[in-house]
Structures are given as structure tokens and as C-alpha cells.
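Everything on this sheet refers to the single structure shown next.
All of the numbers you see were taken from the coordinates with simple rules; none came from a lab. Quick caveat: nothing in here was measured; it's all calculated off a predicted structure. Neighbour counts are summed over all protein chains in view; Cβ atoms, including those assigned to glycine, are modelled from backbone coordinates with ideal geometry.
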Amino acid sequence: MMEQAAPDAGSAIAMTTLDLPLELNVQSLHLTDEQFYQLCVHNPELAIEQNAQGVLLVMPPVGGESGNQEFELGLDLGIWNRQTQLGKVFSSSTVFQLPIGSKRSPDVAWVDLFRWQVLTPEQRRKFPPLAPDFVMELRSTTDSLASLQAKMQEYMASGVQLAWLINPQEQQVEIYRPGQAEEVRLLPTELSGESVLPGFRLKLERFIAP
């Protein structure tokens, strides 16, 4: 089945028709990894994800405020990584094939260099079949908090070692670690990359919610 990502109350986003280049029964849609890749290739204007239940989600674009905030967060991680050369940083355009079967695009993701290098050239060129070591999600005005929290649980079930869900609307950040309950901090705060991103620290001020 195909769904548009659920917006928060008050936003109005039209449903989107997907161009399916494959002969599929859309009432019981079960895509292989290659079919999902081809679906995304044939719909380059759409940001498509798939949850662990196989539901396709068309993610709405973010506004200027959220887009700028997302870029700045990724830039901070990129500067740290350029200095340490410990891994690879990925933007929100990258789809990861998670071990639990979902296909997700974190706003910011980081993969340890060794884990990246063991992938084949084709696996790197397409949607990498692994869970990032670190992910960051920034809630926009069109994001349902419950949907984002479910997404974070998928990350942890897939082997992500550290994840941050930054929520400007509530002026807080949720920190996810394997085998632990999420930690909630109010802004402003300073986040540590802990053992996953050694030496990385991110200062988060209070957001002007878009």
C-alpha cells in the first residue's frame, strides 16, 4: 500500500500519485530491494521511504527554516568528520536499506569508514544495505512526532548505535541508545557523540520554531 507521510493537524498536503514502472498489485505491494530502487529512480522528484511493515511513505518537502536548520546540523558533523576522517556523512537524500526491511532516509547519517569500505561498489552506488552508526532527525512542521518516534525505534532495532531526534516544536531533543530508554533533554543543551562519534559535540540553542 502507499501512503503520504501524515502531516500535523492544520497542514494540507495533497496525495501524490506514484509512477510504478513495474507490474505490481498495488493493493498488496511487496517490493524487492531492486523494485524499490527502480520506483525511486522513476520518481526522482519524490522522497520515498518504506517502513518495516512495507508501507510506502511519500515524505513532504520541508520549508526554508527547517531546511536551513537541517543543513547546519549536517555541516557541524561534516566538519568534525573531515577533521577525523573516521567515516562518511550522508544527507537526507540517501536511502538506507535497514536490516529489518525498511528503507529510510535520515536527515543526517554517519557510517564508520570500515563498514562503508566493505560494501561493494554497486552497494555504495545504490541504496546502502546497512544501518548507519549514527542518525539525526529534525522534526519539521509537517512531521508527526509519533511517526518520527516510530522511525527512531526502527533505527535502533536495525543496529544504529546513537540517534538524536531534535524537536523544535517542543524545544527538546530525544537521545536514543541501544537497549536503553530514550533520554529527553530540554533546549538549550550540548550533545556528545559519545563513543560512536568520539570528540564530537553539538551545542543546541533554543529553536525559533518554523
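Under 22 Å Cα-Cα from K151, which lysines qualify once same-chain neighbours fewer than 8 residues away are excluded?
Straight-distance partners of K151: K88, K103, K126.
Residue by residue through region 106-123, what is 3J(HN,Hα) from phi via Karplus (6.51 cos²θ - 1.76 cosθ + 1.60, θ = phi - 60°)? Round to whole Hz and write x for glycine and proline.
x, 4, 9, 9, 9, 10, 3, 4, 4, 5, 5, 5, 7, 6, 6, x, 5, 5
Give the calculated FRET efficiency between E190 and V118 to the nearest 0.05, with a Förster radius of 35 Å applied to their Cβ-Cβ distance. Could the numbers behind the result be given before it?
On the way: r = 33 Å, r/R0 = 0.95.
Rounded to the nearest 0.05, the efficiency is 0.60.
Quickly rank 59-70, 148-159, 125-136, 175-186 as a protection proxy: mean count of other C-beta atoms within 10 Å, highest first.
Averaged packing, sorted descending, gives the order 125-136, 148-159, 59-70, 175-186.
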